[in-house]
Structure formats: C-alpha cells, structure tokens
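The values are calculated or read from the model by the stated rules, or taken from the named source; none is laboratory data. Just so it is clear, the model here is predicted, and its values are computed rather than measured. Please note: Cβ atoms are built from the backbone with ideal geometry, for glycine as well, and neighbour counts cover all protein chains shown. To get the accessible areas, we keep the full protein, side chains included, count just its heavy atoms, and leave off ligands, DNA and RNA. Shrake-Rupley method; radii C 1.70, N 1.55, O 1.52, S 1.80 Å.
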Amino acid sequence: MRIIPKDEGFFELFDGLAERMTLSSSLLADLFNHPDRLSTLVQKIKELEHQADEITHEIMMRLDRSFVTPLDREDIHKLATQLDNVVDLMDGTARRAQMFHLSDRREPAKALTAILIKAAELIKEAVHKVRQPQEVARIGREIKKCEEEGDAVYSDAVGALFRGSPDALEVIKWKELYDNIEHALDECEDVLNVLESVSIKNS
C-alpha cells in the first residue's frame, strides 16, 4: 500500500513567521529607544508585517492543496493566524507612534518592549520545538513569567500617567501605546496556548 507523504513544509513556514515576529519586536524596542529614527523603523516593521502576511497566505494556500498535513488543519490555521496577529499588533503600535509624532523616550515603554523581545524569542524557540511537548511546557513557563512581568510594568506605567496634573494629550498618547504593547504580550501567551495544545496532541 502506498503511503501518501505529509507536507512538512509547514514547519519552515512557521519558523519564518516566528522570525518576523522576533525581528519586529527588536525594531519596536529600537523605536521607543530611538524616536529620532521613527520613520525608518516604522517602515522596516511594515515590511516585516507584509512578509508575515505573505507567509500566512502561503500557509493557507498550502493547507488547501495538501491532502495529508503534519498537524491538524485547524491547528495549522490557528497557529499561523495567532503568530501573524502578534506581528500585526507590533506594526499597529509602530504606526500609532508615528501618528502621535513620538519624540520622547519613556522608561516603561523601553521596559515593556524589552519584555516583548524576550517573549518573542521564547515563542520562536517553542515554534521550532513544537513536536517536543516537554520543551514547549518549559518555554511556556518562561513566557508566563514574561506576561506577569509585563502586567506589573504596564500597571505601574498607567498609574504614573495619572499622577499629579498630567497633560491630557500625553496621557491619551502614552496610554494607547502602553495598551498596544501589553496587548502584543497577551497575544504571545495566546500563541503559547496554541503551541502547548499542538505539542501535546502530536507528541
């Protein structure tokens, strides 16, 4: 009996998506550290967002063409979508910074994006090791620590915005930027949940 081979190319595509995510997180951190390079960094993040969209489209096209897949079709779709969502959120954050004509540096933004870089790197590692449930579980614990650390930084940052007699426009601007970075961190945890489910089902 002839065995129909599984299309294993999905794993390379997932690695490609995770790579765009980590690169985007680094550029977003650069943006909040070097607002004088705002336009250049926003454009670079947008390019990565386009590349992530193209990879996601290729995954969906390949999913339609493949008779046998290495993971459940629903899991492939969900993982690709979740990874792409994180890149989209980083792109959205960068575009808002540009819309707000960001010109100053704030320590909470630098701290949050540093945590986001760590979470993205961990997601990238977990994607690569998706067929090793113990490794994914270990990485998952680290990502949850990142998310908790991010929540604490976010809470302190938002609280600080409302101390004293702040400028209302500055509060609105920075609150939205902090919200977006924190949302990206939350999405990393959502990616982790998908990875943990996939790794257990396919171990």
Most fluctuating residue of Leu38, Leu161, Leu185 in a GNM of the chain with Cα springs under 10 Å: which is it? Leu161
What pairs in Lys78/Lys145; Lys110/Lys201; Lys44/Lys144; Lys46/Lys201; Lys129/Lys175; Lys44/Lys201 have C-alpha atoms more than 32 Å from each other? Lys110/Lys201; Lys46/Lys201; Lys129/Lys175; Lys44/Lys201
What is the distance in Å between the Cα centroid of region 156-180 and that of region 73-105? 21
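With every protein chain left in place, what is the accessible area per residue of region 115-203 in square angstrom, probe 1.4 Å?
Accessible area per residue: 50 Å².
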Calculate what fraction, in whole %, of the accessible area of the chain sits on carbon and sulfur atoms when a 1.4 Å probe is rolled over the protein chains. 51
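Given the -39500 (n - 2.57) contribution per DSSP H run of 4+ residues, what per-residue ellipticity at 222 nm results for the chain, rounded to the nearest 500 deg cm²/dmol?
Rounded to the nearest 500, the figure is -29000 deg cm²/dmol.
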Counting only protein heavy atoms and leaving out ligands, DNA and RNA, the solvent-accessible surface of Thr81 at a 1.4 Å probe, in Å² to the nearest 10, equals 50
Normalising by the residue count of region 142-203, find the relative contact order in percent from Cα pairs under 8 Å and 6+ residues apart. 47
For region 130-203 the chymotrypsin sites (Phe, Trp or Tyr not before Pro) that pass both the DSSP coil test and the at-most-11 other-Cβ-within-10 Å test are Phe162
